[in-house]
Amino acid sequence: MRKFLVVLDDSKECLNAIRFAALRAAKTGYGVQILSIIPPEEFQHFMGVAEVMRAEAQDRIEAHFEVYAKWMRDRQGVEPELVIREGEPVEQLLAQIGDDPEVGIVVLGAATDSRGPGPLVTHLAKNSGDLQVPVLIVPGDLPREKLEEIALG
């Protein structure tokens, strides 16, 4: 089954990307794969502390994922898949795209603050010609009603 790949992080724009992917998946029969990346700087401590921090990060990610997964199952009839990777976000996103041949479209939320759309969006936009899948960028401030109109249209 083809999948929408969405990155789960703590950003506000992540919500719009996840919502869009779930709505499109329900309409098209695609699946949804949610990727969460634990950056390496979270584990720059002694080995024992790093293991505790890794476990805490995974617990936090799974709890965050479960909120979205419940909405997808209950409201959209979509059963999302969670993938957790560790490393540099751009590198891990590209690795996931390469590792899973069922990924058909990457859906990212664009930040709306003065720092720009975000590092993943910026990198993928600059290097989109080298990707094997299309990238769909959802504006972070797109109102829910408009997002639903576009996704379900």
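Each value in this text was obtained by applying a stated rule to the coordinates, not by laboratory testing. Note that this is a predicted model, so its numbers are computed, not measured. Neighbour counts run over all protein chains shown; Cβ positions are idealised from the backbone, glycine included.
For the chain, modelled as a GNM whose springs connect Cα atoms under 10 angstrom apart, the maximal fluctuation among ALA55, ALA17, ALA26 occurs at ALA55. Near ALA111: Cβ cut-off under 11 Å, other residues only, Lys/Arg at +1 and Asp/Glu at -1. The net charge is -2.
Of all the options GLY77, GLY29, GLY129, the one that moves most in a Gaussian network model of the chain with Cα springs shorter than 10 angstrom is GLY129. Computed extension length for ARG60-GLU91: 9.0 nm, one decimal, from 0.36 nm per residue of separation with the Cα-Cα distance subtracted.
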